[in-house]
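The values are calculated or read from the model by the stated rules, or taken from the named source; none is laboratory data. Keep in mind that what you see is a predicted model, and the values were worked out from it rather than measured. Reconstructed Cβ throughout: ideal geometry from the backbone, glycine too, with neighbour counts over all protein chains shown.
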Amino acid sequence: MKKKISMSLASRVEHLPPYLFASIDRMKQQAIKKGIDLIDLSIGDPDLPTPSLIVDAMKKAVEKPSNHRYPSYEGMLSFRESVAGWYKKRFGVKLDPNGEVLSLIGSKEGIGHIPLAFVNPGDFVLVPSPGYPVYATGTLFAGGKSYIMPLREENSFLPDLESIPKKVLQGSKLLFVNYPNNPTSAIAPTSFFKEVIRIALKYNIIVCHDASYTEIYFGEKPLSFMQIPGAKLVGIEFHSLSKTYNMTGWRIGFAVGNSKVLEGLGKIKTNLDSGVFQAIQEAAIAAFHMDSRDLAWIRNTYKVRKDILHAGLTRLGLHAVNPSATFYIWAKVPPRYNSMKFVNLMLREAGVLITPGNGFGEAGEGFVRFALTAEENRIREAVERMTEIL
Ligand SMILES: *Cc1c(COP(=O)(O)O)cnc(C)c1O
């Protein structure tokens, strides 16, 4: 048969910016093919194993036939109660397991879907740059327009909400914020969250706080947006077990907060997915029952790595933020480079793979992100190799 059909992509897919991590992956494969001993500091995926207590709970749960059927859409009551218990213990925040907690197939799933529930074509969504790419792609898929809020170092990597034109605020449906922040590692003070709530109430904007990194900290414990009075009136918080418990592959997260907002997100989800495998929810319950002290080894591991890398970068004359949370170091590239040129140089000459800052949005140009997801001796080696070429 000669005749073919065109298979042309829908414009919402054609208009996607190239997915940063896919092109990084291609560069990585090429380097490996060439036989380069690659040190990969590019991807936000913990190299540490899931704690064995969680794995053991999963083994038991997977054998139960009652877990083999379709799960409930919003998550098992026992899962939602555990989330509420964990929020109470960790943040002092009270949540109603019926209506204020929703299970997600990873927080990415919820972040990607929420614009479908609330954004009409032409509506604005306020999106940080640099930022997690899904805020903007979810917006694009819903026909919304991203209004970019640059995160600048001189403003402690917080968006300048004052500078957003009134017209944009009036036409905005959602506001995405993320602290502790990927990729800049910044944390937000109470005063910032209060300002967010004030703006949200004034302009009728739903706040979506992405809190994936609250448990990866090296000093003071980061805040939940839900700790701020009024937060529950204006929005929700996305959370995840991925980073806290080294569970990126398990695909489980959740959203908490305003029940109307969660109901909207739930409407999209019930029509697209059928919830999280119950065995995984039972494993997550075991995770929530762990003491935060049981996770100290995870934080300590990242802290040791962070101190080595931050000291190394500083010796090299690179200006880098010393993170107090997350497993990323956000560093300025030397003046004669741009992000991509620097990443290429590091890959070709040092065999060190890092992420170009502009991949997180234009405001990330001039920066690179190092992920602390490789062993200590590999990070030492990376510093040595970079020292040789710079
Ligand atoms: C890793 C990450 C997520 C997604 O985590 P899930 O594995 O989908 O739960 C969401 N937001 C940010 C900022 C992240 O870095």
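A few remarks follow.
- Residues of region 154-206 that are part of a strand (DSSP E or B), β-branched (Val, Ile, Thr) and farther than 28 Å from Thr355 by Cα: Ile206 alone.
- In region 187-222, residue farthest from Val256 (Cα to Cα) [restricted to those that are out of contact with any helix residue (DSSP H, G or I) (no Cβ under 9 Å at 6 or more places or on another chain) and within 16 Å of the ligand (Cβ to nearest atom)]: Ile187
- Which listed residue is in a loop (DSSP other than H, G, I, E, B), modelled with pLDDT under 95, within 21 Å of Pro130 (Cβ to Cβ) and not assigned by TED's automatic domain parsing to the domain that holds Met58, from Pro335, Pro323: Pro335
- Comparison of Ala371, Ala363, Ala320, Ala382 shows that the only residue that is small (Gly, Ala, Ser) and within 24 Å of Tyr245 (Cβ to Cβ) is Ala371.
- Condition broken by Ala283, with the remaining ones in (1) under 24 Å from the mean Cα position of the chain (by Cα); (2) of a type in the set (A, V, I, L, M); (3) not assigned by TED's automatic domain parsing to the domain that holds Met76 satisfied: (3)
- Matching entry among Ser66, Ser103, Ser72, Ser82 (being of a type in the set (S, T, N, Q) and modelled with pLDDT under 95): Ser72
- Residue match in region 79-88 (condition: away from the ligand (no atom under 16 Å from the Cβ) and surrounded by fewer than 17 Cβ atoms within 10 Å (Cβ to Cβ)): yes
- Residue, surrounded by the most Cβ atoms within 10 Å (Cβ to Cβ), within region 223-243, restricted to residues that are assigned to a loop (DSSP other than H, G, I, E, B) and more than 13 Å from the ligand (Cβ to nearest atom): Ser224
- Test: residue in region 43-55 that is touching a residue at least 24 places away in the same chain (Cβ under 8 Å) and among the charged types (D, E, K, R): yes
- Filter result for Ile252 (aliphatic (A, V, I, L, M) and surrounded by fewer than 23 Cβ atoms within 10 Å (Cβ to Cβ)): no
- Selection status of Tyr147, more than 26 Å from Lys243 (Cβ to Cβ), touching a Phe, Trp or Tyr at 6+ places or on another chain (Cβ under 9 Å), in the same structural domain as Gly235 (by TED's automatic domain parsing) and not in a helix (DSSP H, G or I): yes
- Tallying residues that are more than 15 Å from the ligand (Cβ to nearest atom) and under 22 Å from the mean Cα position of the chain (by Cα) within region 63-78 yields 1.
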